[in-house]
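> Sharing a structure with you now.
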Amino acid sequence: MLSSKMVAALNSQVKHELYSAYLYLAMSAWSDSQNLKGFAHWLRIQYIEEQDHAMKIFDFLLDNGAAAALQAIDQPPADFKSATQLFEDVLAHEKKVTALIHQLYAQAIDEKDYRTQIFLQWYVTEQIEEEADAQSIRDKLVAIGDKSTALFWIDKELKKREG
Ligand code: OFO
């Protein structure tokens, strides 16, 4: 059985994952408005992935007989300065999510909650990939600076993402 403190923390993480989805959907809309269709595509896939992250926790709560209590999701920003700034924001956001997952994991250790520890291991690993992907795109964007031909090349690359 999960502690009430753990149930509250997991419910809060569902909200954070859904906020991530919301944020990436807003970023996708902005990219589309800038005619960066590859960025829009990449971010829309990310939006779907984040919903999966939220649903895995939601199902874990239900499978453990705990209440999944949905919380209000903040409004994401709608405007971004540039594609580079956008990916700086993605990277910063993923680092924040990593810290939240680590905090949850530490709580599970403190509580000797072995189920949640094992469950969260997937997220600990997933965050390595989340940060690495964001870092790699952000670094390419920083390297090209304002060269629009290179930006459109990156846009084409991002369009290839399948999942
Ligand atoms: Fe759910 O990993 Fe990104 O935020």
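The values are calculated or read from the model by the stated rules, or taken from the named source; none is laboratory data. Fair warning: this is a prediction, and the values are worked out from it, not measured in the lab. Note: ideal-geometry Cβ built from the backbone for every residue, glycine included; neighbour counts use all protein chains shown. Ligands, DNA and RNA are excluded from the accessible area calculation, which covers all protein heavy atoms including side chains. Shrake-Rupley method; radii C 1.70, N 1.55, O 1.52, S 1.80 Å.
> With +1 on each Lys and Arg Cβ and -1 on each Asp and Glu Cβ, how big is the dipole of the chain about its Cα centre, in debye rounded to the nearest 20?
Dipole about the Cα centre, nearest 20: 220 debye.
> Suppose only helical runs count, i.e. DSSP H with n ≥ 4. What mean residue ellipticity at 222 nm does that imply for the chain under -39500 (n - 2.57) per run, divided by all residues and rounded to the nearest 500 deg cm²/dmol?
So the helix-based figure for the chain works out to -27500 deg cm²/dmol.
> How large is the Rg to Rh ratio of the chain when both quantities use alpha carbon positions and Rh follows Kirkwood?
Result: Rg/Rh = 1.03.
> Choose one of Ala78, Gln51, Trp122: the residue whose Cα lies farthest towards the positive end of the charge dipole of the chain (beta-carbon charges +1 Lys, Arg; -1 Asp, Glu; about the Cα centre).
Of the candidates, Ala78 comes out farthest on the positive side.
> Which entries of Lys56/Lys159; Lys5/Lys160; Lys56/Lys147; Lys15/Lys112; Lys5/Lys159; Lys95/Lys147 have Cα-Cα distances beyond 31 Å here?
The answer is Lys5/Lys160; Lys56/Lys147; Lys5/Lys159.
> By the scheme Lys and Arg +1, Asp and Glu -1, what is the net charge of all other residues having a beta-carbon under 12 Å from that of Gln51?
Around Gln51, the charge tally is -2.
> Still on this structure, I have one more. Mind ranking Ser31, Ser148 by accessible surface for me, highest first, 1.4 Å probe? Before the final figure, lay out each step's value.
Numbers: Ser31 0, Ser148 70 Å².
From most exposed to least exposed: Ser148, Ser31.
> Over the chain, with every protein chain in place, what whole percent of the accessible area is carbon and sulfur at 1.4 Å, could you tell me?
For the chain, the apolar C and S fraction of the accessible surface comes to 55 percent.
> Here's a follow-up. With the radius of gyration and the Kirkwood radius both derived from the Cα set of segment 11-84, what is their ratio Rg to Rh?
Ratio value, two decimals: 1.09.
> I would also like to ask the following. Which length gain, in nm to one decimal place, applies between Ile118 and Glu131 when the Cα-Cα distance is subtracted from 0.36 nm times their residue separation?
Additional length available on full extension: 2.6 nm.
> If you don't mind, another one. At 1.4 Å probe radius, can you tell me the per residue accessible area of segment 4-158 in Å²?
52
> So, one more: For Ile45 and Lys159 in the same chain, what is the full-extension length gain: residue separation times 0.36 nm, less their Cα-Cα distance, in nm?
40.0 nm
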